[in-house]
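Bear in mind these aren't lab numbers, they're just calculated from the coordinates by the rules spelled out. All of these numbers come straight from a predicted model, not from anything done at the bench. Every residue, glycine as well, gets a Cβ built from its backbone with ideal geometry; the counts of neighbours run over all protein chains shown.
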Amino acid sequence: NLTAATDVEVLEKNKINHILTVDSCPLPRKITMLPGIKTKFLQVTDTPREDLLSHFEDTAEFIMTGQEQGVVLVHCYFGVSRSATLVIAYMMKKYELSYEEAFERVKSKRRFVGPNPGFIAQLQLYETMKWRVDRNNIQFRMYRLQIAADQVKKAKILPQSCMDVVKSDPSLITVKPEPLVYRCRKCRRIVASASNVLPHVPKEKPVWTDRKWTLENREKMTLCSDIYFVEPIVWMPSIMQSLQGKINCPKCNTKLGSFSWIMGCQCPCGSKISPAFYLVPSKVEFSNMVQNVQITV
């Protein structure tokens with residue numbers, strides 16, 4: 001906990017030379033300026049909707065490097081939730097353990113550890129992704145979009161830290177472009193690829209914690225096609241400065257759909273999607289680029 005991390009005598013006694021802090025405030029200078037100690041700070045509060053998953057890779061690398069060079073202290077304020085989450089993630093990655101197995105190992109050394117429900121869900125998704133952050137994983141993409149929506153709600157604009165949710169323009173991708181795309185019906189400009197579509201089941205609100213979104217399960221599911229809900233794409237400039245608005249074709253300016261970061265949108269099937277970025281099927285058409293090669297400027 002924080003008490004141990006700020007006790008110079010404890011640090012020296014345990015030969016600690018790497019300190020990973022995950023808390024609201026960084027360590028005081030009297031600790032960070034100690035000779036022979038390397039520190040890393042993550043500003044994260046202990047709330048279920050905070051994002052620790054995106055940091056699992058770099059914190060695991062910090063811990064691994066620290067162990068090679070000496071002893072690592074991972075701490076938060078109480079030493080119960082945030083720090084335990086990062087240590088559990090590290091154990092999962094190093095030994096290819098399930099969340100439950102890694103949790104029990106950590107608990108055997110510190111009996112009152114207990115990640116909050118949001119962090120547990122992130123650890124379970126990490127397990128699903130085979131102990132790495134897979135940015136193509138549908139659950140992870142839905143997760144990051146929810147994190148971005150939470151940030152937009154606070155800041156009223158999309159912060160730089162969440163720009164990864166805005167995907168590349170599929171019409172400009174020249175290296176391994178996706179063959180299946182959606183085009184504006186009026187001008188034929190490519191506006192989305194098949195992988196940009198975020199699926200949902202009729203009358204169900206999709207949530208990233210639902211494990212049914214694995215590829216094997218999706219192939220067996222009946223998905224809604226009343227409206228195409230997609231990821232934010234870089235040709236949609238208004239999504240970065242506004243909470244809601246229209247989505248117009250970047251070439252002919254025809255209205256293709258709408259977006260809402262906070263309120264979301266109601267699909268005709270009954271599902272409430274939030275955040276939502278959608279294309280109306282009557283305004284776009286599905287196309288195979290391999291069969292119909294076209295360069296769009």
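Data table
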{"quantity": "Estimated translational D of the stretch 55-104 in µm²/s (Stokes, Kirkwood radius over Cα pairs; 20 °C; 1.002 mPa s)", "calculated": "193 µm²/s"}
{"quantity": "Which of Lys283, Lys272 has the fewest Cβ neighbours within 10 Å, and the rest in rising order", "calculated": "Lys272, Lys283"}
{"quantity": "The chain, helix-only ellipticity at 222 nm - DSSP H runs n ≥ 4, -39,500 (n - 2.57), divided by all residues, nearest 500", "calculated": "-8500 deg cm²/dmol"}
{"quantity": "Enclosed volume per residue, in Å³, of the convex hull spanned by Cα atoms of the stretch 79-157", "calculated": "94 Å³"}
{"quantity": "Under 5 Å, built H, 5+ apart or other chain: amide partners of Ile19", "calculated": "Lys38, Thr39, Lys40, Leu73"}
{"quantity": "Listed residue pairs exceeding 31 Å between alpha carbons, taken from Lys109/Lys167; Lys167/Lys272; Lys203/Lys246; Lys38/Lys94; Lys107/Lys156", "calculated": "Lys109/Lys167; Lys107/Lys156"}
{"quantity": "Cα coordinate range in the chain, projected on the principal axes (Å, largest first)", "calculated": "72, 38, 36"}
{"quantity": "Relative contact order [Cα under 8 Å, 6+ residues apart], the stretch 2-134, whole percent", "calculated": "27 percent"}
{"quantity": "Charge dipole magnitude, Cβ of K and R +1, D and E -1 - the chain, Cα centre, debye nearest 20", "calculated": "860 debye"}
{"quantity": "Cα-based equivalent ellipsoid of the stretch 1-130: semi-axis lengths in Å, sorted from largest, via gyration tensor", "calculated": "24, 15, 13"}
{"quantity": "Order by protection proxy (mean Cβ within 10 Å, highest first), peptides 43-53, 156-166, 135-145", "calculated": "135-145, 43-53, 156-166"}
{"quantity": "Spatially proximal aspartates and glutamates relative to Lys205 (Cα-Cα < 19 Å; intrachain offsets below 8 disregarded)", "calculated": "Asp150, Glu219, Asp226, Glu231"}
{"quantity": "Farthest toward positive dipole pole in the chain [+1 Lys/Arg, -1 Asp/Glu at C-beta], among Phe277, Thr85, Ser54", "calculated": "Phe277"}
{"quantity": "Calculated FRET value between Tyr95 and Asn14, using beta carbons and R₀ = 22 Å, to 0.05", "calculated": "0.45"}
{"quantity": "Among Leu11, Leu42, Leu172, residue whose mean-square fluctuation peaks in a GNM of the chain (springs only between Cα atoms under 10 Å)", "calculated": "Leu172"}
{"quantity": "Relative contact order [Cα under 8 Å, 6+ residues apart], the chain, whole percent", "calculated": "14 percent"}
{"quantity": "Diffusion constant of the stretch 161-288 at 20 °C, which comes from Stokes-Einstein with the Kirkwood Cα-pair radius and 1.002 mPa s, µm²/s", "calculated": "141 µm²/s"}
{"quantity": "Efficiency of FRET from Cβ geometry, Thr32 and Lys154, R₀ 22 Å, rounded to 0.05", "calculated": "0.20"}
